[in-house]
Amino acid sequence: MSTFIVPRETYHGLGSLENLKAIEGKKAVIVTGSGSMKKYGFLDKTINLLKEAGMESAVFEGVEADPSVETVMRGVAFFNREKPDIIIGLGGCSAIDAAKAMWVFYEYPEATFEEIIKPFSVKPLRNKARFVAIPSTSGTGTEATCASIITDTGKGIKYPIVSYEICPDIAIVDGDLAKSMPKNVTADTGMDALSHDVEAFVAALASPYSDAMALDSIRSIFVNLPRAFEDGNNLEVRQAMHDASCMGGVAFSNALLGIVHSIAHQIGGMFSIPHGRANAILMPNVIRFNSRDTDKYRLLAQALGKETAEDFAGEIERLRQRVGIEGSFKAYGIDPTAWKEKLDAMVQNAMDDPCTGTNPRKPTLEEMKKIFEACFDGKIVKF
Ligand SMILES: [Fe+2]
């Protein structure tokens, strides 16, 4: 017996931001990042639409990439002053993820960070506020997921908060907001979305429901990511990528992920490589490793007119090159000495990462290390 969790309402399509006018509430707090939503006019538009809905709003700005525990706590203090009954995460995944964590502590001031990072430990929310997610990047699908990633900057570790409770009540998937993404962000986030689909499709908890979402999203990304990369002003293509990202979010939120993410969480925390870029480098070798224990990659190859798992890994490499992402970690200037020093700790943390539990093939410590090393050098992994 399994469950399949999605946001209660998902509005999608160009102009769907207008649906804010119909939201019921008294006071909204909008949590956003460091400026692109303001610069492109979407923050003002959101405030005005809420006004039309008869709602006051206050803005918590400046959530950084990879939001920290400290930022979350500052947000909670802001919530406690403003007392919202609607929380809106507006912008990239960082703003939405931070807003989700703030929401938990706003509802449960006595909770500790250590408690809420235990999977499925968040108590029932919605006693104080409902949650609206409005993404501006087409990558994490956080508008539709039961997950949030918060960084402990002191320890250099990314903590996933996972709970059905933090799945947003309302997701607004309006591709117009995605035109604010520069080229490199389009590439990195698009490859992140693809990695969600691919990992969810072969994960231990995959179901016909998550497979359908993942497969359709993969087909769309192979067509639309290069187009979005080449012409960011094509709003139809932006919408297609926004939809694909949201569907990938639904897929992985229910089926969970695998060791691409276990490894990327460590490298991202230690060396500040953008998450989706790390996934793009890791995916082909993880497919080669996993393909001994699952034949589902063949279905993905067939969806692209190819045959084998190796064909599919090759298609990902070609897509990665088309969107300007290199094939190794060393190409991004990671110092080999620092890498060697941190390697054993990263390998162990990747083994302990919750995503490893749903990977279709269980790696040994040595196999995990081999994948890290091959991807650092940009070599094909052989087992
Ligand atoms: Fe991801």
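Okay, helix-only estimate at 222 nm for the chain: each DSSP H run of n ≥ 4 adds -39500 (n - 2.57), divide by all residues, round to 500 deg cm²/dmol; what do you get?
On the way: 14 runs with 193 residues, N = 383.
After summing the helix terms and dividing by the residues of the chain, the value is -16000 deg cm²/dmol.
Among residues other than Glu52 whose Cβ falls under 12 Å from its Cβ, what is the net charge (Lys/Arg +1, Asp/Glu -1)?
With Lys, Arg at +1 and Asp, Glu at -1, the neighbours total +2.
Could you give the size of the charge dipole of the range 171-259 about its Cα centre, using +1 on the Cβ of each K and R and -1 on the Cβ of each D and E, expressed in debye and rounded to the nearest 20? All intermediate terms of the calculation are to be shown ahead of the outcome.
Details: 5 positive and 12 negative charges, 17 e Å.
The dipole of the range 171-259 has a size of about 80 debye.
How tilted is helix 69-82 with respect to the longest principal axis of the chain? Cα atoms for both, answer in degrees (0 to 90, nearest 10).
The answer is roughly 20 degrees.
So what's the net charge close to Ile371: Lys and Arg +1, Asp and Glu -1, counting the other residues with Cβ under 12 Å from its Cβ?
+2
What angle, in degrees between 0 and 90 and rounded to the nearest 10, separates the Cα long axis of helix 183-202 from the longest principal axis of the Cα atoms of the chain?
70
Give me the extension gain from Asp231 to Lys179: residue separation times 0.36 nm, minus the current Cα-Cα distance, reported in nm with one decimal.
17.8 nm
Helix 275-290 versus the longest principal axis of the chain: what angle, 0 to 90°, nearest 10, using Cα atoms?
40
From Cα pairs below 8 angstrom and at least 6 apart in sequence, can you work out the relative contact order of the range 184-377, rounded to a whole percent?
28
Given the Cα-Cα distance of Arg219 and Lys382 and 0.36 nm per residue of separation, how much length would full extension add, in nm?
Here the segment from Arg219 to Lys382 would lengthen by 55.9 nm.
Multiplying the sequence separation of Arg126 and Glu326 by 0.36 nm and subtracting their Cα-Cα distance, what value in nm do you get?
On the way: separation 200, 0.36 × 200 = 72.00 nm, distance 4.34 nm.
Gain on stretching Arg126 to Glu326: 67.7 nm.
Calculate, axis by axis, the spread of Cα positions in the chain along the three principal axes, and write the results as whole Å, longest axis first.
60, 45, 43
Lysines near Lys330 by alpha-carbon distance under 18 Å, same-chain residues fewer than 8 away left out - which ones?
Straight-distance partners of Lys330: Lys340, Lys342, Lys369, Lys370, Lys379.
Taking the Cα centre as origin and putting +1 on Lys and Arg beta-carbons and -1 on Asp and Glu beta-carbons, what dipole magnitude results for the range 9-177, to the nearest 20 debye?
Rounded to the nearest 20 debye, it is 220 debye.
Separation of the range 29-64 and the range 270-346 by C-alpha centroid, Å?
Each part reduced to its Cα centre gives a spacing of 36 Å.
Let me check I've understood the local charge: for Ala303, count other residues with C-beta under 12 angstrom from its C-beta, Lys and Arg +1, Asp and Glu -1. What total comes out?
Overall, the nearby charge balance is -2.
A short reminder: the numbers here are calculations on the coordinates, not readings from a lab. Since the model is a prediction, treat every value here as computed from it, not as a measurement. FYI the Cβ positions are ideal-geometry reconstructions off the backbone, even for glycines, and counts take in every protein chain you see.
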